[in-house]
Amino acid sequence: MVRLSSVTLNKLTLTTSCILEGQEYLRLLWKILWSKGMKNAENAILSGISAGGLATILNCDKFKFLVPENARVKCIADAGFFINGKTIYGSSYIQEMYRRIVNLHGSAKNLPLACTSSMEPSLCFFPQNVVPYVKPPLFIINSIYDYWQINNTLVPPYLNPQHAWKDCIRHINNCTFGQRI
């Protein structure tokens, strides 16, 4: 089993304090796995959690080409299904954040071509847009209550300066009637 972290980065860039080399890391990892016996695999599972779950979805098809043609490949994404949702006020905060991430990291060329050829590349960072193009079997595990997504998609920090949503974000039983509707 191979576990992934965020590996859509494509730039090897040294700035003041940031090196972006995720895709190169992934290529190196796959080369090492090939030399350690992946070239003889009969069954292979690619999995990841959170950002690694997203990376699993985005790289599942590529992983299929890492193993012999007749090998069985399956992918498991745990807590990596980040949705393209609106904030409580109807703005597209997460979509804009992902657009900036894709531009900063030069990720467009590493996202699934079937997806990027049919829509804006940054939209292919959302599993809801990529999953229809994934060919190997893909098993998705995601909590119905996802603290990160509620805190970063539904009620991002800039919309909650007085922390009015703090308790509600942590547990639905702490939400007021107005916050629930």
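Entry remark, the range 13-58: residues being modelled with pLDDT under 85, in a loop (DSSP other than H, G, I, E, B), surrounded by 13 or more Cβ atoms within 10 Å (Cβ to Cβ) and not hydroxyl-bearing (Ser, Thr, Tyr) number 2 in total.
Residue-wise test of (1) among the β-branched types (Val, Ile, Thr); (2) without any contact (Cβ under 8 Å) to a residue 60 or more places away in the chain.
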| site | (1), (2) |
| --- | --- |
| PHE81 | no, no |
| SER118 | no, yes |
| LEU123 | no, yes |
| ILE141 | yes, no |
| LEU159 | no, no |
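Within the range 150-164, is there a residue that is surrounded by 13 or more Cβ atoms within 10 Å (Cβ to Cβ) and under 17 Å from ALA55 (Cα atoms)? There is no residue in the range 150-164 that is surrounded by 13 or more Cβ atoms within 10 Å (Cβ to Cβ) and under 17 Å from ALA55 (Cα atoms).
No other residue among ASN110, ASN84 is at pLDDT 95 or above and either over 26 Å from TRP34 (Cα atoms) or assigned by TED's automatic domain parsing to the domain that holds LYS31 (or both) apart from ASN84. In the condition set (1) out of contact with any Lys or Arg (no Cβ under 8 Å at 6 or more places or on another chain); (2) under 21 Å from ILE169 (Cβ atoms); (3) surrounded by 14 or more Cβ atoms within 10 Å (Cβ to Cβ), SER92 is compliant with all but (1).
Scanning the range 124-172 for residues that are touching a helix residue (DSSP H, G or I) at 6+ places or on another chain (Cβ under 7 Å), closer than 20 Å to LEU113 by Cβ and either at pLDDT below 90 or polar (S, T, N, Q) (or both) turns up just one, ASN129.
Does the range 132-154 contain any residue that is part of a helix (DSSP H, G or I), over 14 Å from the mean Cα position of the chain (by Cα) and hydrophobic (A, V, I, L, M, F, W, C)? Checking the range 132-154: at least one residue is part of a helix (DSSP H, G or I), over 14 Å from the mean Cα position of the chain (by Cα) and hydrophobic (A, V, I, L, M, F, W, C).
With respect to the conditions (1) surrounded by 14 or more Cβ atoms within 10 Å (Cβ to Cβ); (2) in a loop (DSSP other than H, G, I, E, B), MET119 falls short on a single one, namely (1). When restricted to residues that are at negative phi, in a loop (DSSP other than H, G, I, E, B) and in contact (Cβ under 8 Å) with a residue 24 or more places away in the chain, the range 92-116 contains 2. Among residues of the range 50-75 that are more than 18 Å from ILE140 (Cα to Cα), those with a beta-carbon under 9 Å from a residue that is crowded, with 24+ Cβ neighbours inside 10 Å at least six positions away or on a different chain give the pairs LEU66/LEU46. For the range 107-115, the condition holds for no residue, the condition being that it is touching a Lys or Arg at 6+ places or on another chain (Cβ under 9 Å) and of a type in the set (A, V, I, L, M, F, W, C).
The values are calculated or read from the model by the stated rules, or taken from the named source; none is laboratory data. Only a predicted model underlies this, so the values are computations on that prediction, with no experimental measurement involved. Glycine gets a Cβ as well: all are built from the backbone with ideal geometry, and neighbour counts include every protein chain shown.
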